[in-house]
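Beneath this line is the structure, given in structure tokens, with notes to follow.
The values are calculated or read from the model by the stated rules, or taken from the named source; none is laboratory data. As the structure is a prediction and not an experimental result, all values here were calculated from the model. For neighbour counting, all protein chains shown are included, and Cβ atoms are generated from backbone atoms with ideal geometry for every residue, glycine included.
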Amino acid sequence: MALLDWRPDAPVEEPDMLLARILTSLAHAEAEQARSSVGLELLDFAQSRVPREGLGYVHSQRGLVLLRLGRQVEALRQLDVAVPLLARQDRVELARILLNRAVIHLSTGRVGAAREDARRSRELATRAGQEIIAAKALHNLGYCDFLTGDLPSALAVFAQVREQYAKVIPGFLPVLALDQARTLMAAGLCTEAGRILDENLALFRRQRLVQDYGEAELERARCEFDAGNIEEARRWARRAATAFRRRGTTSWLAKAQLMELRCDFARVGGGAGSARRGDALADRLTALGLRDEAEMASLLAVRAALAAGDVDSARSRAGSVTAPRRRMPVELRLMHRLAEAELAIADGRCHKGLERLRSGLLLLQTQRARLGDLDLLTGAAALGADLARTGLSTALVSGSPQVVFSWSERSRAQAFRHRRIRFTHDAETAEALVELRHLRDRIRTDPKEGRRHPELRERCGELERFIREKGWQQPGDGTATTTAGIRRIQAELGAAGLTMVVLIAVDGRVSCLVLRDGTVKLVPLCPYEVVAEAARRLRADLGVMAGRHRPAPLRRVIEKSVAMQLATLSNTLISPITALLGDAQGLVIVPTRNLSTIPWGLLPLLRGRPLVVAPSATVWLTAQHGRRENRMEDVPVLVAGPGLEYAETEVERIADLYPASRRLTGAAASVEATLAALNGAPLAHLAAHGYHERENVQFSRLDLSDGPLMAYDMQRLERAPGHVVLSSCDAGQTVVRPGDEVLGLASALLYTGSSTVVASLTRVPDDVAFRVMTAYHLRLIAGEPPGAALAVAAEGEMSTFICLGAG
């Protein structure tokens with residue numbers, strides 16, 4: 001600028017294209033450093049000095065600055081002016097303008113227009129050899145997929161963009177990470193999204209990307225909000241609002257204030273003040289062209305008025321809310337259904353309210369059918385948590401056991417309704433799996449090396465993340481089965497002489513349904529936290545008991561605590577329904593939330609009683625049908641992994657009971673050999689060390705001769721094994737996500753189609769596993785069903801083995 005002898009107060013002489021172009025570039029730099037007023041002034045200077053053929057450049061840059069300030073309406077006007085001015089004279093600049101205009105369309109929900117602009121931008125940039133613009137345009141196309149709900153496609157496109165950014169503009173990788181986090185949040189994976197955001201916040205700060213840093217803070221607030229951490233979400237939202245206020249980005253400030261409002265509503269349940277705040281914010285968002293956010297604010301105002309007991313005011317507000325649009329984000333469409341339902345219920349029209357809630361969950365089911373990966377399928381339930389909770393609560397108030405059962409099935413373990421997609425790995429994923437197995441095996445065989453070289457564990461984490469991200473890109477087939485009606489369940493229970501106990505936790509209390517002899521009874525039980533705390537303590541105590549030898553006094557204390565927790569659970573959950581259970585031949589227990597960790601066979605009132613555990617009544621029915629089709633005359637598979645004292649002895653003893661069995665021991669018990677043997681096997685028994693990875697459940701594993709067999713591997717099976725026994729520690733553990741969606745090694749087998757899985761919920765001493773498992777197979781050979789066989793085999797043992805699925 002000094003070389004051009006330019007001063008802001010210098011008189012305008014002849015137009016100067018070079019000066020104008022420099023000023024436009026400087027304007028963008030100033031605006032990005034939170035000096036937006038200076039940037040806009042520089043653009044005014046540029047416009048006064050630019051020749052006519054350069055006007056398009058100034059309008060283009062002004063549009064970009066206004067876009068970054070969140071003034072979308074003004075930005076769009078500037079870019080609309082710039083497009084025809086540059087259409088013939090500068091194709092590269094046109095590609096850049098179309099790229100930025102696509103961003104505006106995306107921010108205001110006009111996905112079709114955004115996709116067309118991004119497509120044209122990429123085409124022009126590719127022809128001109130402009131790799132950076134082409135990569136950014138592809139990024140926008142991925143975001144179009146995200147907004148239309150095609151999350152696997154969006155994540156696949158973002159993976160391509162990441163490779164391109166790494167080559168041509170690595171400084172943009174944090175911006176891409178922001179959109180990856182948004183996509184994962186849309187699938188209910190808040191923890192993963194939060195991790196990505198945390199990794200990139202420092203990069204935004206280091207690059208002094210003030211706007212992007214604020215957006216990341218706002219998305220961090222959403223993560224915490226979706227995870228139920230409301231105070232933390234509010235703290236992040238306020239930080240983002242402060243950043244946007246300093247920068248002068250009015251539209252982003254309004255978005256941050258919307259998140260604050262949502263947090264306040266979740267904390268205190270709304271009220272007249274919240275309703276007025278929602279109204280005012282909706283007006284402001286509408287004026288800024290943010291119609292989706294304005295709709296969310298209006299719906300919050302409706303719900304706040306309802307929470308305050310002002311039904312008339314809520315009804316009036318609801319009348320002015322725009323009807324849901326087909327292209328509206330799923331989260332917003334679900335909020336529409338929830339507000340409509342709450343209004344109908346407050347009006348005394350509970351049937352109508354439940355219908356709107358069902359409609360919302362059906363919408364979510366349609367969205368979920370587009371997902372092929374189990375991680376995303378189970379995570380998506382979080383999006384419908386409020387709908388499910390309201391439906392269950394309303395059903396319980398109705399007092400109808402049939403209605404409660406229907407809502408219980410509609411609200412839990414919905415991922416099982418989707419047809420399993422068999423994974424086929426590309427070369428990169430196959431190589432990553434080979435390396436991961438090799439490293440895990442190195443660490444297992446030489447734990448000291450793992451401690452000396454922490455980079456080995458770090459590399460394992462990187463490989464697991466890469467494999468997991470590849471899985472997220474797997475599309476679903478768009479179909480889902482229906483939930484089972486109560487009559488079908490009762491008929492199957494009656495034919496088998498079984499009783500079903502369905503546990504339900506809502507509004508802080510536990511109730512249960514008891515289905516027996518064609519009847520169904522609804523029984524209120526206890527506060528949820530009482531049994532949840534007992535279950536937590538029991539699991540911890542059992543883990544300590546199964547560990548290394550403890551001094552006798554300490555062991556007595558632990559045994560006393562175990563007995564106390566078992567008594568608490570038995571007295572609160574089983575005692576009130578003992579008369580209803582009667583002398584049924586067996587029980588089917590459908591637990592909920594943290595109660596899935598309970599070893600039911602250890603409860604005093606259930607000791608010695610045949611029982612099976614299932615994620616839902618529908619899952620049990622499906623497994624029951626599959627068990628009848630399982631041909632036990634086929635060859636059983638017996639596998640012994642390394643490092644277990646009794647593993648090979650256990651397999652040899654069981655092999656004596658099945659003379660035609662296929663045995664894999666020593667080096668022969670490799671991952672690929674085991675998977676091949678498991679494929680379609682009627683019965684499989686695996687005695688191996690087990691590990692439950694709570695933070696990365698799909699990589700829970702069993703140790704085999706050449707590395708771990710992981711839960712992730714089960715998705716590669718063409719045909720599921722019918723009946724699987726996992727004689728190992730922790731193999732029955734699960735992570736229970738919202739909507740009672742379960743993830744773990746044993747549940748992975750149920751997802752693939754196995755009808756019965758026997759596994760332990762905690763660590764189990766090798767000698768106990770040996771005794772229980774050999775006795776179990778003896779009872780199976782005698783013709784007893786799995787649940788009854790396990791009950792007899794485990795009697796007298798402190799065993800946490802459970803029978804999952806059917807039995």
Having 1 or more residues that are at pLDDT 95 or above and out of contact with any Pro (no Cβ under 7 Å at 6 or more places or on another chain) is the bar; report the helices (runs of 4 or more DSSP H) wholly within region 376-457 that clear it. 385-398, 401-410
Is it the case that region 650-658 has a residue that's surrounded by fewer than 19 Cβ atoms within 10 Å (Cβ to Cβ) and touching a residue at least 24 places away in the same chain (Cβ under 8 Å)? yes
Of residues in region 391-431 being of a type in the set (A, V, I, L, M) and buried (at least 19 other Cβ atoms within 10 Å of the Cβ), the one farthest from residue 501 (Cα to Cα): 415
Residues 103, 92: which one is β-branched (Val, Ile, Thr) and surrounded by fewer than 20 Cβ atoms within 10 Å (Cβ to Cβ)? 92
Check region 435-445 and report whether any residue there is surrounded by 14 or more Cβ atoms within 10 Å (Cβ to Cβ), among the acidic types (Asp, Glu), within 24 Å of residue 358 (Cα to Cα) and outside the structural domain of residue 747 (by TED's automatic domain parsing). no
Is it fair to say residue 669 is within 25 Å of residue 442 (Cα to Cα) and at pLDDT 90 or above? yes
Quick one: what pairs do we get from region 308-335, first residue under 21 Å from residue 275 (Cβ atoms), second assigned to a loop (DSSP other than H, G, I, E, B) and among the acidic types (Asp, Glu), C-beta under 7 Å, 6+ apart or different chains? 311/347
Those strands (runs of 3 or more DSSP E) lying entirely in region 677-788 with at least 1 residues in contact with a Cys (Cβ under 6 Å, 6 or more places away or on another chain), in contact (Cβ under 8 Å) with a residue 40 or more places away in the chain and of a type outside the set (Ser, Thr, Tyr): 756-760
Within region 605-618, does at least one residue satisfy the condition of being of a type in the set (Ser, Thr, Tyr) and modelled with pLDDT under 95? no
Please count how many residues of region 587-605 are assigned to a helix (DSSP H, G or I) and within 17 Å of residue 795 (Cα to Cα). 5
Examine region 627-638 for a residue that is outside the structural domain of residue 592 (by TED's automatic domain parsing) and modelled with pLDDT of 95 or more, and state whether such a residue exists. yes
Considering only region 521-528, I want to know if a residue exists there that is buried (at least 16 other Cβ atoms within 10 Å of the Cβ), under 30 Å from residue 554 (Cα atoms) and not assigned by TED's automatic domain parsing to the domain that holds residue 628. yes
Out of everything in region 552-578 that is of a type in the set (Val, Ile, Thr) and under 20 Å from residue 608 (Cα atoms), what residue ends up being surrounded by the fewest Cβ atoms within 10 Å (Cβ to Cβ)? 578
From the option list 544, 588, 557, single residue qualifying as of a type outside the set (Lys, Arg) and at pLDDT 90 or above is 588
In region 194-222, anything of a type in the set (A, V, I, L, M, F, W, C), part of a helix (DSSP H, G or I) and touching a residue at least 12 places away in the same chain (Cβ under 8 Å) is listed as 196, 197, 201, 203, 204, 210, 216, 218, 221
Count of residues meeting criterion [part of a strand (DSSP E or B) and closer than 19 Å to residue 606 by Cα] in region 511-549: 9
For the subset of region 128-179 comprising residues that are within 28 Å of the chain's Cα centre (by Cα) and charged (D, E, K, R), which member is nearest to residue 202 (Cα to Cα)? 179
If I ask for residues that are without any contact (Cβ under 8 Å) to a residue 40 or more places away in the chain, within 21 Å of residue 196 (Cβ to Cβ) and of a type outside the set (A, V, I, L, M, F, W, C), which ones from region 223-251 would you list? 224, 228, 229, 232, 235, 239
Say whether the condition of being among the hydroxyl-bearing types (Ser, Thr, Tyr) and farther than 19 Å from residue 117 by Cβ is met by at least one residue in region 144-159. no
